[in-house]
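**Student:** Below you will find the structure I want to go over with you.
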Amino acid sequence: MNQAASNGSVNLVADVLIIGGGPAGTWAALSATAKGAKVILADKGFCGSSGATAPSGTGVWYVKPDEKLREEAKASRYAMGGQLAEHRWMDRVLDRTYENMNRLGVSGYPFPVDEQGNQYCRGLQGPEYMRLMRKLVKKAGVRILDHSPVLELLADEHGVAGAAGVHTQSGETWSVHAGAVVIATGGCAFLSKALGCNVLTGDGYLFAAEAGASLSGMEFSNAYAICPTFSSVTKTAYYSYASFYHEDGSVVEGAGSKKGRSIIARNLLAGRQVYAKLDGAAVDLRPLLRIAQTNFFLPFDRRGIDPFKDVFPVTLRLEGTVRGTGGIRITDESCGTGVPGLYAAGDAATRELICGGFTGGGSHNAAWAMSSGSFAGEGAAAYAQRLGQHAGLRTPVGLSSSPLVHQEVKSGAAERTAEYVAAVQAEVKPYDINLFRTEKGLTSSLSRLDGLWKEQRSQEIQRTPEGVKAREAEAMTATARWMYNSALARTETRGMHKREDYKEIDNAQHHRLISGGLDQVWVKTEEVAKESVLQ
């Protein structure tokens, strides 16, 4: 890897550049180095402690290679996801997840063990998991650029060839020329303050679209998680033990963590505060719940609330595509995007291939992160190696849809960016626009979002830490436009996508929706792979 400095800029060369340092990015880095590639990983935060996984415990879709168990696992969410998952991809992910989880145990992850000494590998504690992944990545020889968000991809006539960004602590700009790039930037939670999600602003979607890639399943993007009004911890699984109440103590009929979130939302829309109590958890289970998810209980403990005995106010916090299934469209088994040299993994990529139009926190998402990261890293390494000596002779240019300039931050830039962010949030957070979707609501919102995009598109963006925030605002605006154009095109209710004006599933719409475009967003259908249908 070469390095040169000019005008306060660091310029590097590698075979593979990984953008994002969560589970998908770190697994991509490990698999690329295992194939002999020289790898650089650039993280917007600090690799190992930023992102949705690092602060949380997560279940993992880990199933032993037993035919009956695997068939049950694949069928478990097939119908719930609108029958859009693919048998072949589920098999691949289950196989690679099983392999990678076992590898973690050998590498020192402290899995709990039973009385016979067998490891329990169906869950991971985020802090220990990501600390180990950073250690393994560094040991493999990967160069990590912490606090180094990307501002744009670089490309030439042969395809994507690196990226450029800025180090947010020093203000120094950087670039990496690489034979291939893996986007592992996570999903988009629209700066909703969900725990670990404020670095997840849809950047990778925008980068990919600027390079000519498309997206898939962006209508499956309206994930809201239950959480206390005073907390950012969105651990919805724990609310399977909860009862929900009105302020007068009467039960909110039908409310729940699985199929009852809409009822909670309708009450909140009507101005009726909803309260919860985890009174369904058995007494002997409660200590185990505390051990499994310590940070869930910290906000309660600070306020002197016992969530098993006391009621507390709850809300629904938007998690967008982080717990949705939409993302960059995958075009081959190496998680290629259809753009030469560009790969996608984790929440940045569509998860429809394994769970259709519905997923939750952890489980399938966690399995997809480690497996797709591995596939993408291997694919990127192989692509870079096929380029041979030609890779170092390329002279790529930036792909940003807005002009990036080397100038001082102009007065009012930060305020203007904050206004754009607030304007996008005003379109995606409300339940009556994003959760309970209608043609009228979506069309009206898109008119405002299109105006926001047009306005931002004409603005110069400085190559500074403040410029990173401006690009985040652009990415969130673009993400919302792909979401709502796709939601308009799916005139049915399927998976997590709910249309108030089309409340039933329509068998004629058993297809994927592919979207793309920047100034002019387009949506088209794509058939789901023909295969044996799971029952």
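The values are calculated or read from the model by the stated rules, or taken from the named source; none is laboratory data. Treat the numbers as computed from the prediction; the structure is a model and nothing was measured. Note that we place each Cβ from the backbone using ideal geometry, even for glycine, and neighbour counts take in every protein chain shown.
**Student:** Considering only the stretch 97-133, state which residues are under 22 Å from Ala73 (Cβ atoms) and among the β-branched types (Val, Ile, Thr).
**Tutor:** If the condition is that a residue be under 22 Å from Ala73 (Cβ atoms) and among the β-branched types (Val, Ile, Thr), then Thr97 is the only one that fits.
**Student:** I want to confirm something. Restricting to the stretch 33-59 and keeping residues that are in a strand (DSSP E or B) and modelled with pLDDT of 95 or more, which single residue is farthest from Ile144 (Cα to Cα)?
**Tutor:** By that ranking, first place goes to Val39.
**Student:** Now, a different point. Can you name the residue in the stretch 316-344 that is among the polar types (S, T, N, Q) and touching a Phe, Trp or Tyr at 6+ places or on another chain (Cβ under 7 Å) and is also surrounded by the most Cβ atoms within 10 Å (Cβ to Cβ) among such residues?
**Tutor:** Restricting to residues being among the polar types (S, T, N, Q) and touching a Phe, Trp or Tyr at 6+ places or on another chain (Cβ under 7 Å), the top hit is Thr325.
**Student:** Let me ask something else about it. Inside the stretch 112-148, can you point out the residues that are among the aromatic types (Phe, Trp, Tyr) and surrounded by fewer than 18 Cβ atoms within 10 Å (Cβ to Cβ)?
**Tutor:** Answer for the stretch 112-148, where residues must be among the aromatic types (Phe, Trp, Tyr) and surrounded by fewer than 18 Cβ atoms within 10 Å (Cβ to Cβ): just Tyr120.
**Student:** Moving to a separate point now. When you go through Ser240, Ser334 one by one, which is the residue that is hydroxyl-bearing (Ser, Thr, Tyr) and at pLDDT 95 or above?
**Tutor:** None of the others qualify; the one that does is Ser334.
**Student:** Can you list the helices (runs of 4 or more DSSP H) lying wholly within the stretch 210-315 that have 1 or more residues being surrounded by 20 or more Cβ atoms within 10 Å (Cβ to Cβ) and under 23 Å from the mean Cα position of the chain (by Cα)?
**Tutor:** The helices (runs of 4 or more DSSP H) meeting that bar are 261-269, 294-303.
**Student:** So which residues in the stretch 65-108 are at pLDDT 95 or above, polar (S, T, N, Q), more than 23 Å from Asp332 (Cα to Cα) and out of contact with any Lys or Arg (no Cβ under 9 Å at 6 or more places or on another chain), if there are any at all?
**Tutor:** Once the filter is applied, which keeps residues that are at pLDDT 95 or above, polar (S, T, N, Q), more than 23 Å from Asp332 (Cα to Cα) and out of contact with any Lys or Arg (no Cβ under 9 Å at 6 or more places or on another chain), the stretch 65-108 yields only Asn102.
**Student:** Right, something else. I'm checking my understanding of the structure. Among residues of the stretch 318-352 that are under 14 Å from Ala366 (Cα atoms) and among the hydrophobic types (A, V, I, L, M, F, W, C), which one is farthest from the chain's Cα centre (by Cα)?
**Tutor:** Among residues in the stretch 318-352 that are under 14 Å from Ala366 (Cα atoms) and among the hydrophobic types (A, V, I, L, M, F, W, C), the one farthest from the chain's Cα centre (by Cα) is Ala345.
**Student:** Considering only the stretch 316-328, state which residues are among the hydrophobic types (A, V, I, L, M, F, W, C) and part of a strand (DSSP E or B).
**Tutor:** Across the stretch 316-328, the qualifying residues are Leu316, Leu318, Ile328.
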